[in-house]
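Input: a single structure, listed below in structure tokens.
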């Protein structure tokens, strides 16, 4: 398999105790959901894929993205996007500057501005570029975080309990928005969650850990 | 420059900058103390320097002064801070004290000491305000208050400055001690506020603030500038006498000075060991007190007493600054008038040019040293983050080491060593010596906020393809602007306040506001002292104000960083 995100015999241990093992290929546009109660180390799997695993964990196995082995690549060269349960917008940058941080370099200032405005329009936030992210509502922040990540043109998408901080009404809306865009861009998605609704909404392969 | 190779050596470079001069200085003290000083044509080993030292008639009193001021200043300021925190944390008066903390901390020791002297001397402001109505004095009474034989005023001068320092340290430790809930539980069990706090929170807080307490003890035992201003003269405390010996034109006197420096080191180590045993004893007594189940009948009285003591400390420093200001503008001011006959710019015209020159030297040294310390600190913390290093509790003690070794034990040796190596005294060696004291404070000030930064921000930024340096410069440092500027201000204030390092390593040729101000102590020209003391305070205080102001302006439209 060429395109997509492949986890080959990935095992993560802490102090010699195995936490989880995953061996799975995620095709473009497909969602793999990793379920399990909190504390089984679901997030360490994502940290391993982004290259930010804490030194007290050890991992074996390989991560392949679109045919490249990225197991040992530097975090910023992996082309893997990630969304956390918190929006984690950079508080010192305006909404527009947050998106510009994500947007791949290139193009004139006007073109870049236009792309950012277009991205904001796409999620119903036209004219928000100069706003302070701290003044946005939870749902608005989540949408900005999503667009910031998509503008960096990742080849795979990781979701770390991304909807658990949103209230029920907003949750389904943001969730659909994320999955729709991931499918439209043919991104392989890996989601970790402890929420059965999220897993069902993703509607595809589910791996359950621990418990 | 290749960051990848450069960054990992920064922690080593930092340790070298911090501990190198200390080790070299101790070596430079050890040799002459045993009679070896080739520069003066003397070769050892011999015990003559110690024989001379023990022949000095003032020695027992000088040693006693060092020990008594150290133990008294440390235990009294610790007691005040613990009891205020126990009785008042979370209340309105406590928040008022908290707000005063930064300005109180940044007032240099020398300026606070001068202010205290101008307040409580027989001809000081307090006596003037009370005379002649209350006291009946129409001339200053013939009392030895400032520079008293027992060093009590000097001890008080140390206490007023150590209380804000220990309070700051305690506030930082409280966050991790789960204080509020512990006190709530013990109050529900019928314990008074103070007793409940002492029995449940104090042991945890004390374990955390132990290193800075040891620093206060070592510092109070060997302080020079405060002792010159407020301490006794005949004989002076041991550290002041060591500096006198070291400044003697007769090189042979350096041997006696070096022997004294080793003795001072021994005294400090002895006092630290004594304090450690005291901790065990208090711990045993405390365990018994807890087992007794006593609920604390005197809590109210104790709390009020502690608050009064803390308020007196704060007022001493603040009113001291007021009286320095009045003197700096005073025309004729006869006793017992409460205020001068006239206010005038004359003192500022007269001493202004001199202070500006000293301010230039002070600023040049302080800015250079504080920036170097900041860069080394950020480098160390970033190396720790990138390479997943973690410093053990033991490594934390390394940070405190340069603050625990008495200045008078290694600075004279450093000066002697530089002389015998033919190295020139002057500005750059002074900067290196300042760095020894500035680095630990800058590091301690920045480490917690730097480590508390949400590292998921880094993960996100890297996932958005920002390189490690990009994450540092574009995300982490801007987000940490406020703590970075605060750390810089702390570094500047520490450098501005350095007396002994500037005096000894500068060979008397580097004139900063602090050395100039302390030099005025013996002359007793209160107008000159007022001008220099205020300038010294301003040099330390303005950076703190800027550290608050700049982030507020730069991030005025960024709500998420307003309390970060």
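No value in this document is a laboratory result; all are computed from the given coordinates. The model shown is predicted, which means the values in this text are computed figures rather than measured ones. Quick reminder, even Gly has a Cβ in these numbers, built from the backbone with ideal geometry, and neighbours come from all protein chains shown.
Across chain B, what fraction of all alpha-carbon pairs, as a whole percent, falls in each successive 10 Å bin from zero upward?
3, 16, 26, 26, 19, 8, 2, 0
Measure off 7 Å from each Cα along the Cα-to-Cβ vector at residue B:171 and residue B:557, then give the distance between these two points in nanometres to one decimal.
Placing both labels 7 Å beyond Cα along the Cβ direction yields 3.1 nm.
For chain B, what is the relative contact order in percent, using Cα pairs closer than 8 Å and at least 6 residues apart in sequence?
Relative contact order for chain B comes out at 24 percent.
Ranking request for peptides B:12-18, B:132-138, B:378-384, B:490-496: highest mean number of other beta-carbon atoms within 10 Å first, then the rest in descending order.
B:490-496, B:378-384, B:12-18, B:132-138
Just round it to a whole percent: the fraction of Cα-Cα distances in region B:235-392 exceeding 26 Å.
The proportion of pairs with Cα distances above 26 Å equals 73 percent.
First check a/c for region A:129-173, with a ≥ b ≥ c the square roots of the eigenvalues of its C-alpha gyration tensor; if it is under 1.5, answer rounded, and if not, answer prolate when a/b is larger than b/c or oblate otherwise.
Judged from the Cα gyration tensor, region A:129-173 comes out oblate (a/c at least 1.5, b/c at or above a/b).
If you take each beta carbon of peptide A:83-93 and count the beta carbons of other chains within 10 angstrom, what is the mean?
Partner Cβ neighbours, averaged per residue: 6.
Find how many whole Å separate the alpha carbon centroid of region B:319-378 from the alpha carbon centroid of region B:415-475.
Each part reduced to its Cα centre gives a spacing of 30 Å.
Can you tell me, using C-alpha contacts under 8 Å and at least 6 residues apart, the relative contact order of chain A as a whole percent?
32 percent
For region B:59-326, what's the relative contact order in percent, using C-alpha pairs closer than 8 Å and at least 6 residues apart?
Over region B:59-326, the number comes to 36 percent.
Residues of B:478-487, mean number of Cβ from any other protein chain within 10 Å of their own Cβ, rounded to a whole number?
1
So if each residue of separation counts as 0.36 nm, and I subtract the Cα-Cα distance between residue B:152 and residue B:357, what length gain in nm does that give?
Gain on extension, residue B:152 to residue B:357, equals 70.3 nm.
For region B:59-326, what is the Kirkwood estimate of the hydrodynamic radius, computed as the reciprocal of the mean inverse distance between distinct Cα atoms, to one decimal in Å?
For region B:59-326, inverting the mean 1/r across all distinct Cα pairs yields 20.1 Å.
Partner chain Cβ atoms within 10 Å, averaged over the residues of A:150-160 - can you pull that number for me?
Rounded to a whole number, the mean comes out at 1.
Could you let me know the centre-to-centre spacing of region B:245-317 and region B:149-219, using Cα atoms, in angstrom?
Region B:245-317 and region B:149-219 have Cα centres spaced 13 Å from each other.
Which order do the peptides B:171-184, B:330-343 take when ranked by the mean count of other beta-carbon atoms within 10 Å per residue, highest first?
Peptide ranking by packing, descending: B:171-184, B:330-343.
Of all the C-alpha pairs in the protein assembly as shown, what % are more than 49 Å from each other?
When every Cα pair of the protein assembly as shown is considered, 32 percent fall beyond 49 Å.
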